[in-house]
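The values are calculated or read from the model by the stated rules, or taken from the named source; none is laboratory data. Nothing here was measured: the structure is a model prediction, and the numbers come from that model. Reconstructed Cβ throughout: ideal geometry from the backbone, glycine too, with neighbour counts over all protein chains shown. We work out accessible area using only protein heavy atoms, side chains counted, and drop any ligands, DNA or RNA first. Shrake-Rupley method; radii C 1.70, N 1.55, O 1.52, S 1.80 Å.
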Amino acid sequence: MNNPQLDKHGALQHLLSTEGLPVPILRDILDRTASFVNVAAGSEIKKVPLLHGKSVFNLFFESSTRTRTTFEIAAKRLSADVVNLNIGSSSTSKGETLLDTVDNLCAMHADMFVVRHSSSGAAHLIAQHVAPEVHVINAGDGRHAHPTQALLDMFTIRHYKKEFHNLRVAIVGDILHSRVARSQIHALTTLGVPEVRVIAPKTLLPSHVEKLGVQVYHDMLPGLRDVDVVMMLRLQNERMQGALLPSAQEYFKYYGLTQERLALAKEDAIVMHPGPMNRGVEIDSSVADGPHSVILPQVTFGIAVRMAVMSMLAGNT
């Protein structure tokens, strides 16, 4: 079956999901990210000209600060022209369809779209619609996928743990509503992590989640025992329908990451969070700011991984 993310030669054409991406593509992105870390960290090399003359349009139909900003910084460090669309006052708010908006922007010589949308599949729809020389990056669509977040998480894990084949990883929290969790699971299993655990109350787990190749835990204590990586997730209150939890305080009581619970993990375990972070709900401040936390390096690596993806797409034009 054809992969809509790859061209006929197997090169990356769009980045829509980590699902279905071959291992060589994933490793290529991580290797390129390593080469961009110094640029992203603000070394003497402030810019590289890989996207010089290219126009990158940020189409964010959902609010975002961290993701949109890191994509903008990444594109500018690659010397691209960046256009941020104010969706609230755009033509779509006046009744124009998503694809009509894309067509108009393509007529303005857009080379790349970075798309965040509340509807699952929006980025796929745009990718199927645009000309072959135009590239689409999914910056989060509904509950479906957030591939660049998963990729920066994979790079963070590789940076601190070096290899994937000997790790035990726990993903904790609102798996049901999290596009990040789905992308993380696909990336982790593809890269050869032998044991991926999900820890959550039953109300926050998708049906048949074990079919994704994960071990399911409803209790933090056995779930965190001897893990190398703890990936915390935000409660997606804006996507919840009905009362899935008694209260935030009750959630923290059973599923919040505290120093005592973290002590069950391996001594050199790292703690990650895609943000935004709710202190006292998913994670205690002493853990978020503690020696095991790599949450801020994740943000730094996020710029580099987005530079890597954009550079790969620009090389396939």
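Key figures for this structure:
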read-out	value
Pair T300, N2: separation of 7 Å Cα→Cβ label points (nm)	4.2
Among 299-310, 219-230, the order from most to least packed when residues are scored by Cβ within 10 Å on average	299-310, 219-230
Extended-chain gain in nm, criterion 0.36 nm per residue less alpha-carbon gap, M108 and D226	37.1 nm
Difference of contour (0.36 nm per residue) and Cα-Cα distance, T69 to A34	10.6 nm
Exposure rule at most 12 other beta-carbon atoms within 10 Å, DSSP loop GluC sites (Glu not before Pro): the chain longest free segment	164-266
Among A107, A34, A248, residue whose mean-square fluctuation peaks in a GNM of the chain (springs only between Cα atoms under 10 Å)	A107
Where the chain is the region considered: accessible area per residue in Å², 1.4 Å probe	43
Apportionment of accessible area to carbon and sulfur, the chain, percent (1.4 Å)	51
For the chain, average projected area of the Cα convex hull in nm²	16.3
Backbone N within the stretch 153-178 under 18 Å of label point (7 Å from Q215 Cα along the Cβ vector)	164-173
Rounded tilt (10° steps) of 23-40 against the dominant C-alpha axis of the chain	80
